[in-house]
Amino acid sequence: MNQRAVMTQLTYKINPMPEPIAADKLERLAKLETATLGHFYHFGFVSPAISPVLPSKTVVGTVCTLAIPGLDSTLLHHCLAQMGPGYFLAVDRLGDRKYACWGGGVTRMAASMKIAGGCVDGPHTDTAEIREQDFPMWSRGASPVTTRLYNTGGGFNIPVSVGGAAVLPGYAVLADECGVLFIAPEDLDTVLEAGETKTASGLKNEARVSAGERLGDLSGATRMIEDTLAT
């Protein structure tokens, strides 16, 4: 095989769409909060530098992944048409923090495909148009400098890193005002059960604090300090 053929094969890596996460599991996940799961789960949380573009959005879905280099968003434009309802696009910008690949046109296309939402490990642009489309989007902030169509390559539905989290296509996602969490399918049942238990316990404790009980007594913090001081 000649060098040109080898380079052509390496330019784009495009894999099939992942199997969707079961709808009943996503319905249960949507009732939880990332901050609740953060009490006991340690994998898949993106950097706090990646935050919601629009407030008060909670999204769940099946993850598709994308990796595209700094100045080029050719593959992003192409792969949106492969997606559909219930999918969430996680974009690895391969270290770039300057060029916005996601703006008004991409948002309009994503919304028309009824994609659940998107997360970019880099900046977005056209905030007003994202707001106009009411599209759930997470990024590292806004930038006026955008990508172009240079046809330099990328990967769709390949392993990526987004905000320090390793992500594979087919993962579940929970994204809300506190952040974005990607959950491996093999962990999802356990995370759901633990999250539901933690949520129920939290609601009971909130009621007890509102009724006048002390948080330190409920959490055990006061007993820890008293025992330490007594030794």
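The values are calculated or read from the model by the stated rules, or taken from the named source; none is laboratory data. Note that the coordinates shown come from a computational prediction; the quantities given were computed from them, not determined experimentally. As a convention, Cβ positions derive from the backbone with ideal geometry for all residues, glycine included, and neighbour counts pool all protein chains shown. Heavy atoms of the whole protein, side chains included, go into the accessibility calculation; ligands, DNA and RNA do not. Shrake-Rupley method; radii C 1.70, N 1.55, O 1.52, S 1.80 Å.
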Self-check item: Relative counts (whole %) of C-alpha pair distances in region 1-159, using bins that are 10 Å wide
Solution: 10, 39, 36, 13, 3, 0
Quiz item: When N is the residue count of region 110-230, what does its C-alpha Rg come to as a fraction of 2.2 N^0.38 Å?
Solution: 1.57
Quiz item: Of all the accessible heavy-atom surface of region 1-118, with the other protein chains kept in place and a 1.4 Å probe, what percent is carbon and sulfur?
Solution: 57
Quiz item: What full-extension length gain, to one decimal in nm, is calculated for LEU149 and GLU193 as 0.36 nm per residue of separation minus the Cα-Cα distance?
Solution: 11.4 nm
Exercise. Give me the percent of DSSP beta bridges within the chain that run antiparallel, rounded to the nearest 5.
Key: 45
Exercise. Sum up the charges of everything whose Cβ sits under 12 Å from the Cβ of GLY220, counting Lys and Arg as +1 and Asp and Glu as -1, but leave GLY220 out.
Key: -1
Self-check item: Distance between modelled label sites at LEU168 and SER47, nm, 7 Å Cα→Cβ extension
Solution: 2.5
Self-check item: Point-charge dipole on Cβ atoms (K/R +1, D/E -1) for the chain, about Cα centre, debye to 20
Solution: 700
Quiz item: In whole angstrom, how far apart do the alpha carbon centroids of region 107-150 and region 59-83 sit?
Solution: 11
Self-check item: Backbone HN-Hα couplings from phi across region 184-192 [Karplus 6.51/-1.76/1.60, Hz, Gly and Pro as x]
Solution: 5, x, 5, 9, 4, 4, 5, 5, 4
Practice problem: Give the carbon-plus-sulfur fraction of the accessible surface of region 141-231 in %, rounded to a whole number; probe 1.4 Å, heavy atoms of protein chains only. | Solution: 55
Practice problem: Would you work out which of MET83, ILE225, SER73 lies farthest towards the positive end of the dipole of the chain? Charges go on Cβ: Lys and Arg +1, Asp and Glu -1. | Solution: SER73
Practice problem: For region 136-202, just run the numbers: alpha carbon Rg, then divide by 2.2 N^0.38 Å, N being how many residues it has. | Solution: 1.49
Self-check item: Gain in span if fully extended, LEU229 to ARG214, counting 0.36 nm per residue against the direct Cα distance
Solution: 3.5 nm
Quiz item: Sorted by average packing, counted as other Cβ atoms within 10 angstrom per residue and highest first, what order do 105-112, 117-124, 219-226, 171-178 take?
Solution: 117-124, 171-178, 105-112, 219-226
Quiz prompt | Among VAL63, VAL162, VAL145, residue whose mean-square fluctuation peaks in a GNM of the chain (springs only between Cα atoms under 10 Å) | solution = VAL145
Quiz item: Averaged per residue, what accessible surface does the chain expose to a 1.4 Å probe, in Å²?
Solution: 52
Exercise. With springs only between Cα atoms under 10 Å apart, run a GNM on the chain and tell me which of LEU203, LEU80, LEU149 wobbles the most.
Key: LEU203
Quiz prompt | For region 198-209, 3J(HN,Hα) per residue [Karplus equation, 6.51 cos²θ - 1.76 cosθ + 1.60, θ = phi - 60°, Hz, x = Gly/Pro] | solution = 5, 5, 4, 5, x, 5, 5, 5, 4, 5, 5, 5
Exercise. Name the long-range amide H neighbours of TRP102: under 5 Å, sequence gap of 5 or more, or other chain; modelled H, no Pro or chain starts.
Key: THR125
